[in-house]
Amino acid sequence: MPTILIRALGALLALIVFAAAPASAQKTLRVALHSDLKIIDPIWTTALISTHHGYMVYDTLYALDETLNVRPQMVEKHEVSADKLTWTFTLREGLEFHDGAPVTSQDVVASLRRWAARDTVGQKLLSYAAELSAVDARTLRMVLKEPYGLVLQSLAKSGSNAPFIMPARIAATAPTDQIQDATGSGPFIFVKAEWKAGEKAVYLRNPKYKPRAEPASGLAGGKIVKVDRVEWIWIPDAQTQINALLGGEVDLVEIVSPDLLPLLAKDPAIETRVVNTAGRQYAMRFNTLHKPFDNPKIRAAAMVALSQKEFLDANVGDAKWYRECKSLFPCGSPLESTKGWTDKLTGDAAAAKKLLAEAGYDGTPVVFLHQTDTSGHNNLATVGKAQLERAGFKIDLQPMDWQTLVSRRARKDPPAAGGWGAYFTSWSSIDVLDPVAASFLNAACDKATFGWPCDEGLEKLRDRYSKETDAVKQKAIAEEVQLYVLNYPTHVPLGQFTTPTAIRKNVTGLLTSPAIAFWNIEKK
């Protein structure tokens with residue numbers, strides 16, 4: 001019998017054993033998350049829900065702990081040559097995929113190459129690599145063309161897209177195509193047979209997962225699963241999510257709108273807390289391929305027309321949970337700076353209208369992709385529409401759910417043929433901490449993420465940052481990037497916010513991390 005068939009039968013048998021267990025003997029955690037899961041490829045998309053899925057079923061070489069320090073995960077040890085050019089990594093013993101196959105360095109190499117084809121951090125890392133190869137089953141080697149200061153930070157990227165490790169046979173899928181097989185080596189097994197987009201996704205504890213010995217911290221450490229089954233129940237309405245939590249139909253609601261918090265405060269069986277303490281940054285993303293935002297001067301006019309507070313008031317509401325921040329990099333982070341931005345994000349319609357006229361705007365409508373179903377984000381496009389229209393822009397607002405938007409934004413077609421002009425989203429603050437990490441600053445043309453900015457000057461600045469190890473000099477380069485973006489805007493930061501998560505008190509062990517983690521959670 002072929003080896004691959006034996007492995008498939010083994011994985012199927014494990015699922016059958018779980019399914020056959022009496023319901024009363026299983027501990028099932030039911031959660032309502034911020035979005036429906038429609039895409040199970042966390043490398044193809046940067047959608048946060050797909051990243052959450054990734055952390056369920058895959059593992060990573062390194063990860064960030066609760067204090068954002070880099071910690072080894074699948075790696076047992078690494079060595080660096082004296083000239084800082086050769087990095088050798090040794091995998092932990094006993095790592096195994098859900099289908100029973102051992103995790104090998106060949107799987108890691110294939111996974112990193114596919115990740116680097118899509119991710120801005122991965123692209124930059126492998127642009128410095130002269131060699132990435134498997135030495136033996138547990139050893140891989142990366143040889144650099146010149147020293148690079150962000151090797152471990154890149155491999156520990158913990159937001160979208162994280163460098164998840166998958167079998168080489170799956171990683172061989174073209175980066176432009178979505179994978180359909182969610183076989184990983186992570187702490188949970190995805191039950192594809194029970195996945196119903198628009199309804200639920202199901203994960204079972206991986207009985208063969210080998211956690212690290214250290215305590216869990218952030219997305220690092222020992223990923224010990226203490227429930228048998230996790231069900232992601234899709235409930236599109238925020239009020240209905242809260243009702244389900246109050247009624248005990250779900251155990252956790254990932255994002256609670258501040259105006260619904262008083263309802264939860266009345267129930268002694270429920271508590272709220274912020275899981276991602278670093279918070280998130282709202283952003284409007286330009287499509288630089290088509291009119292009118294192919295003109296950087298028109299994009300610059302939009303940066304003046306927009307004002308953060310209206311976005312924050314409409315989408316967060318309570319000022320306790322948000323912060324205005326005229327900095328390209330998050331306020332509170334080492335690279336925070338308002339240099340050059342005092343006259344931007346003012347909401348000055350008259351000034352923006354003047355800039356728009358000088359830029360030669362001809363009235364071409366901007367197609368706004370408007371997500372309607374994601375709590376805390378569903379009023380972004382409507383606020384942006386009103387602000388830009390006051391400055392003289394014409395806006396074509398097109399409502400859709402978030403997962404439809406995720407698919408639509410990948411299209412390079414002209415707006416009139418199903419493409420787009422701008423969309424709104426948010427990034428975890430750890431995703432936008434510096435010029436290399438911030439995906440929206442990637443200006444590598446076709447290799448850039450959705451919006452596809454193309455600018456050699458910005459790329460040279462990002463290269464300079466990636467080679468620099470002195471913190472003072474890094475800060476100076478980051479400020480150069482911030483000033484450069486005033487003349488070549490790639491996106492507009494629209495303020496920062498944190499979101500409370502609500503959980504029933506019989507559920508304990510929820511970790512502080514940039515992406516919600518379902519290991520370490522115990523349901524009593």
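The values are calculated or read from the model by the stated rules, or taken from the named source; none is laboratory data. From a predicted model like this one, the values you see are computed outputs, not experimental measurements. Cβ coordinates were reconstructed from backbone atoms using ideal geometry, including for glycine residues, and neighbour counts include every protein chain displayed.
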Of the residues that sit in segment 44-58 and are touching a Leu at 6+ places or on another chain (Cβ under 8 Å) and surrounded by 24 or more Cβ atoms within 10 Å (Cβ to Cβ), which one is modelled with the lowest pLDDT? I49
So, in segment 117-150, of the ones that are touching a strand residue (DSSP E or B) at 6+ places or on another chain (Cβ under 6 Å) and not in a strand (DSSP E or B), which residue ends up surrounded by the most Cβ atoms within 10 Å (Cβ to Cβ)? Y128
Restricting attention to segment 29-47, report how many residues are touching a strand residue (DSSP E or B) at 6+ places or on another chain (Cβ under 7 Å) and not aliphatic (A, V, I, L, M). 1
Would you pick out the residues in segment 111-131 that are in contact with a helix residue (DSSP H, G or I) (Cβ under 6 Å, 6 or more places away or on another chain) and closer than 19 Å to K467 by Cβ? A116, T120, V121, G122, Q123, K124, L125, L126
What is the number of the single condition among (1) without any contact (Cβ under 8 Å) to a residue 40 or more places away in the chain; (2) not in a loop (DSSP other than H, G, I, E, B) that I189 does not meet? (1)
Quick count over segment 265-306, residues being closer than 30 Å to A515 by Cβ, surrounded by fewer than 16 Cβ atoms within 10 Å (Cβ to Cβ) and acidic (D, E), is 1
Options A502, A517; residue that is surrounded by 21 or more Cβ atoms within 10 Å (Cβ to Cβ) and in a strand (DSSP E or B): A502
Applying the selection to segment 99-113, what residues are of a type in the set (V, I, T) and assigned to a helix (DSSP H, G or I)? V108, V109
Being over 23 Å from D373 (Cβ atoms) and within 20 Å of the chain's Cα centre (by Cα) is the filter here; which residues of segment 186-201 pass it? G186, P187, F188
Does S81 satisfy the condition of being more than 25 Å from A437 (Cβ to Cβ), free of Cβ contacts under 8 Å to residues at least 24 places away in the same chain and in contact with a strand residue (DSSP E or B) (Cβ under 9 Å, 6 or more places away or on another chain)? yes
The one condition G421 fails out of (1) touching an Asp or Glu at 6+ places or on another chain (Cβ under 7 Å); (2) small (G, A, S); (3) touching a residue at least 60 places away in the same chain (Cβ under 8 Å) is (1)
Output yes when any residue across segment 48-58 is assigned to a loop (DSSP other than H, G, I, E, B), under 20 Å from V109 (Cβ atoms) and in contact with a strand residue (DSSP E or B) (Cβ under 8 Å, 6 or more places away or on another chain), and no when none is. yes
A216 vs. criteria at pLDDT 95 or above, under 24 Å from L29 (Cβ atoms) and under 19 Å from the mean Cα position of the chain (by Cα): no
